[in-house]
Amino acid sequence: MVSMVSGSAEPLSASGRSSEKLSLPSLQSKMKTDPEGYETELHLIRNQFYSALELFQQQAALNFSSISGVGADPTVSKDLSDRAMFLAHVTPFYPKQLAEFPSDLAAFLKSSARTLPSGLRFHATQAVILLVNRKIIDIKDTLSLFMELQTLDDRNLRKLAFSHVVHSIRRMNKNHKNEAKNRSLQNILFGLLQQDDEAKAKRSLITLCELHRRKVWFDERTANAICMACFHSSSRIMIAVLSFLLDYEKIENDDEDSDDLSSEDEMTQNPHVVISKETVYKAHHKGTAASKKKKKAKLQRAIRSMKRQQRLSSESSNCSYYSPLYHLKDAQGFVEKLFSRLQTCNERFEVKMMMLKVIARTVGLHRLILLNFYPFLQRYVQPHQKDITNLLAAAVQACHDMVPPDAVEPLFKQIVNQFVHDRSRPEAIAVGLNVIREICLRMPLLMTEDLLQDLVLYKKSHEKAVSAAARSLITLFREVCPSLLVKKDRGRPMDPKAKPKAYGEVNVLSNVPDIELLEQDDDIDGSEDDESVDEAVSISSDDGNEDNDDEESQYTADDGSEDEDVLDEEGDENDNVDEYESDIDDANEDDSDDEDKGDTEELETEEDDHNEEVSGSSIAGDSAGDGGNEDQKTKASKRKLSDFKGQLIAADTSLRALKRLAEAKTSHASSDSVDGILSDEHFQRIKKLKAKKEAKTALAQQGFKIPSSDQLSFKRVDPSKLEAHVRLRLNKEERLALVKAGREDRGQYQARTAIKQKKTGGLSNRQKEHKKFMPLAAKKAKAQRSRQEKNKKSRSGKQFRGKKAWKQ
């Protein structure tokens, strides 16, 4: 609401009320309370307004060519402004009597705004704003007028008109958005933005940017109109648009500062961080204190990495990231047109850098192909180039997996040759290695084996920035392509045979994402059931004799290669038990061999003769034997072996049948779950299994995870991270500031003697020793020593008085 201007000093005598004399403010309040009783006064003031308006226009016509300007009489402009404000306040109470007043006032302001005195122009603008706020005039009819007023050379009027346009449109879209009305207003501003008049285009651009920043007009039409203003004929408009596009984007900070929250808050924010209980138990209870400390640190790194990835994925899925460049209708045409203007423009270097950044950001965001852009960047890639870090960040941003490696290879080689060599400065080497790492993260096909092994040697550098950059390159290729590294640098990669995708290779999803985790989980359950069936069959096939059990375990240990499917599904515990039993069987076999070698040879010959016999068949005769007891033993052993073979064949067939049945059931269940409709329980299960898999991967990867191509395209490259750990050189003023900052907590320097003189509180121990009373014997010994020293000095002084002093 516009503040009311005080009325004129002379009172008004109302018709029929000659005794009552009122000023404009008091008459205004009374007319609001009783509109019908003051219609005569309204007509009087309305006539006064139109007469003052006519008089002012006549003065303007007479004084048009005068030096003093229009409206030389200040009383006329003062009366006109007061009555205009008065009628604007009372217009809602007299809609019929003042039906033509709003349009007349707006027309007067539009026709003679540039020639009006500043005071009258400001008050007339306030009156029109008051009428718009009372919804007597539509904002659509006055928007062009207020945009025109913003181009005048009046700072207060410009600020008033701009704030009114922004707040009125914001208030209009507060409860609900009227798309038709918004579109009509946008068409007016878009038309002004495309005009050649720089002042109108600039004010229109500022209004659109402010409404877009406040998320009032947060749509594709506004964003696209702002981006297309880069091609305005005026360079000032282009610079304003480029600065808006670059300043709008926020760099995501993936530092560990964001992970300094409490554990409870983190768990509530990220409930899907799943670490196995065994890993947590080992980190807190297994090993020495040093090993537990390392395990805890590794666990924390894995948790931080998982939470960071989950946060980034949730941000990309929720579309919380936003840039006006994202809503370009023709991104390829926009980039090509802006690049052609960059090649032909004669702007200063800072403007060219802004254009480079916008082009690179658009290419990376939409994953466009602009082959001429990389040779253009190549001529600026020099260590001594101004603002080289931002230039390299733009080069990294323009690289993605859809660009042919041959187009980026010359630029990549120039970065290696110019920055990473033995005679380069340490900060240049560090920046070059970091840029190479970021480019290889997006396009790993550019790296060769010889080049990587040469770059890895910088890990032994004494400069922290260089060694850290080289180690980060090693960490990247441990996951991307470990075969390019030397064996000692590979570490313990997750997939030793991992290789980057070929150019143009894309993984096409033909099913629900991560549905294979659900199938693997079903297979694990099915294998557990198979193990239980195996145990049941083995129990039912037991004969109750320990010898049969030993022979069975020995046989299965010898012929395990024939039934690999069964042995592959057995757990580690069963393997340990089988090994233990096989050791016992070997020992028993050795003992039996020592006792009776002839019987074993006979058993082997009989086994070869009767391989195809069915269980339950008896052996007809016996060829040799030492005695009756020995014959009985050999028959019993033969009978046991044949019975065992028959039982083994039956168990084998039953096991294979049961395994086929279990596989059919699991495949049928998985096909039903995949081909059918997945329920919410299936998706929750997939989510949990995916979290477990990510936890296991994060623990194995030491907290390092390669982001996807979509995440890399959304994320803006921070130039400051390319200079990580680089210590910049300080000038003299900065060094003195650091020295003075280090002296703040230190007291004023004083000599040690001065400190001793100021000492209070008694003598020191050395001073006390000088004042001690010595015993008599000690005094005599001291006196004797002093006499002896004096005698020595006197004798030594007589010996060296000249060359022949010894003759005297």
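The values are calculated or read from the model by the stated rules, or taken from the named source; none is laboratory data. Bear in mind that the values here come from a model prediction, so they are computed numbers and not experimental data. Virtual Cβ from ideal backbone geometry, glycine too; neighbours counted across all protein chains shown. The protein model used for the area step is the full one, side chains on, heavy atoms only, and it has no ligands, DNA or RNA in it. Shrake-Rupley method; radii C 1.70, N 1.55, O 1.52, S 1.80 Å.
General remarks:
- Among the numbered conditions (1) outside any helix (DSSP H, G or I); (2) among the aliphatic types (A, V, I, L, M); (3) farther than 27 Å from PRO102 by Cα, the only one that ALA225 does not meet is (1).
- Taken as a whole, the structure leaves LYS110 outside the set of residues that are open to solvent by 40 Å² or more (accessible area, probe 1.4 Å), assigned to a loop (DSSP other than H, G, I, E, B) and without any contact (Cβ under 8 Å) to a residue 40 or more places away in the chain.
- Any hit, the range 14-26, residues being modelled with pLDDT of 80 or more and within 14 Å of LEU87 (Cβ to Cβ): yes
- Any hit, the range 471-491, residues being at pLDDT below 50, touching an Asp or Glu at 6+ places or on another chain (Cβ under 6 Å) and surrounded by 15 or more Cβ atoms within 10 Å (Cβ to Cβ): no
- The range 172-195: number of residues that are closer than 23 Å to MET228 by Cα, touching a residue at least 40 places away in the same chain (Cβ under 8 Å) and not hydrophobic (A, V, I, L, M, F, W, C): 2
- Residues that are of a type in the set (A, V, I, L, M) and over 20 Å from ASP330 (Cβ atoms) within the range 221-236 are absent altogether.
- Residue in the range 473-494 that is closer than 17 Å to ALA724 by Cα, touching a His at 6+ places or on another chain (Cβ under 6 Å) and assigned to a helix (DSSP H, G or I) present: no
- Selection status of ASP454, of a type in the set (D, E, K, R), open to solvent by 10 Å² or more (accessible area, probe 1.4 Å) and either in contact with a Ser or Thr (Cβ under 9 Å, 6 or more places away or on another chain) or in contact (Cβ under 8 Å) with a residue 24 or more places away in the chain (or both): no
- Candidates in the range 413-446 are the residues that are assigned to a loop (DSSP other than H, G, I, E, B) and in contact with a Pro (Cβ under 9 Å, 6 or more places away or on another chain); of these, the one that is most open to solvent (accessible area, probe 1.4 Å) is ARG425.
- So ALA88, is it open to solvent by less than 20 Å² (accessible area, probe 1.4 Å), assigned to a helix (DSSP H, G or I), under 26 Å from LYS159 (Cβ atoms) and touching a residue at least 24 places away in the same chain (Cβ under 8 Å): yes
- Scanning the range 118-135 for residues that are in contact (Cβ under 8 Å) with a residue 60 or more places away in the chain and open to solvent by 20 Å² or more (accessible area, probe 1.4 Å) yields HIS123, GLN126, ASN133.
Conditions (1) within 27 Å of THR344 (Cβ to Cβ); (2) modelled with pLDDT of 95 or more; (3) open to solvent by 40 Å² or more (accessible area, probe 1.4 Å), marked per residue:
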{"position": "ASN178", "(1), (2), (3)": "no, no, yes"}
{"position": "ASP197", "(1), (2), (3)": "yes, no, yes"}
{"position": "ARG213", "(1), (2), (3)": "no, no, yes"}
{"position": "PHE218", "(1), (2), (3)": "no, no, yes"}
{"position": "ARG221", "(1), (2), (3)": "no, no, yes"}
{"position": "HIS232", "(1), (2), (3)": "yes, no, no"}
{"position": "ASP247", "(1), (2), (3)": "yes, no, yes"}
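- Against the list (1) over 24 Å from THR33 (Cβ atoms); (2) open to solvent by 70 Å² or more (accessible area, probe 1.4 Å); (3) not in a helix (DSSP H, G or I), the condition THR115 fails is (2).
- Looking at ILE706, ILE677, ILE686, just one residue is out of contact with any helix residue (DSSP H, G or I) (no Cβ under 8 Å at 6 or more places or on another chain) and either in a loop (DSSP other than H, G, I, E, B) or modelled with pLDDT of 80 or more (or both), and that residue is ILE677.
- Positions within the range 380-412 being outside any loop (DSSP other than H, G, I, E, B) and within 24 Å of the chain's Cα centre (by Cα), in sequence order: ILE388, THR389, ASN390, LEU391, LEU392, ALA393, ALA394, ALA395, VAL396, GLN397
- Cβ pairs under 7 Å, 6+ apart, first in the range 317-330 and farther than 11 Å from MET228 by Cα and in a loop (DSSP other than H, G, I, E, B), second modelled with pLDDT of 90 or more and open to solvent by less than 100 Å² (accessible area, probe 1.4 Å): SER323/LEU365
- Once the range 47-71 is narrowed to residues that are open to solvent by less than 60 Å² (accessible area, probe 1.4 Å) and over 20 Å from GLN28 (Cβ atoms), the residue that is modelled with the highest pLDDT is PHE56.
- Any chance ALA331 is surrounded by fewer than 16 Cβ atoms within 10 Å (Cβ to Cβ), of a type in the set (Gly, Ala, Ser) and at pLDDT 65 or above: no
Conditions tested, residue by residue: (1) of a type in the set (D, E, K, R); (2) in contact with a Leu (Cβ under 9 Å, 6 or more places away or on another chain); (3) open to solvent by 60 Å² or more (accessible area, probe 1.4 Å); (4) assigned to a loop (DSSP other than H, G, I, E, B).
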{"residue": "SER340", "(1), (2), (3), (4)": "no, no, no, no"}
{"residue": "GLN343", "(1), (2), (3), (4)": "no, no, yes, no"}
{"residue": "GLU347", "(1), (2), (3), (4)": "yes, no, no, yes"}
{"residue": "VAL351", "(1), (2), (3), (4)": "no, yes, no, no"}
{"residue": "LEU356", "(1), (2), (3), (4)": "no, yes, no, no"}
{"residue": "ARG361", "(1), (2), (3), (4)": "yes, yes, no, no"}
{"residue": "LEU365", "(1), (2), (3), (4)": "no, yes, no, no"}
{"residue": "LEU368", "(1), (2), (3), (4)": "no, no, no, yes"}
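- Each residue in the range 276-286 was checked for being surrounded by 13 or more Cβ atoms within 10 Å (Cβ to Cβ) and either over 11 Å from ALA695 (Cβ atoms) or of a type in the set (Gly, Ala, Ser) (or both), and 2 of them qualify.
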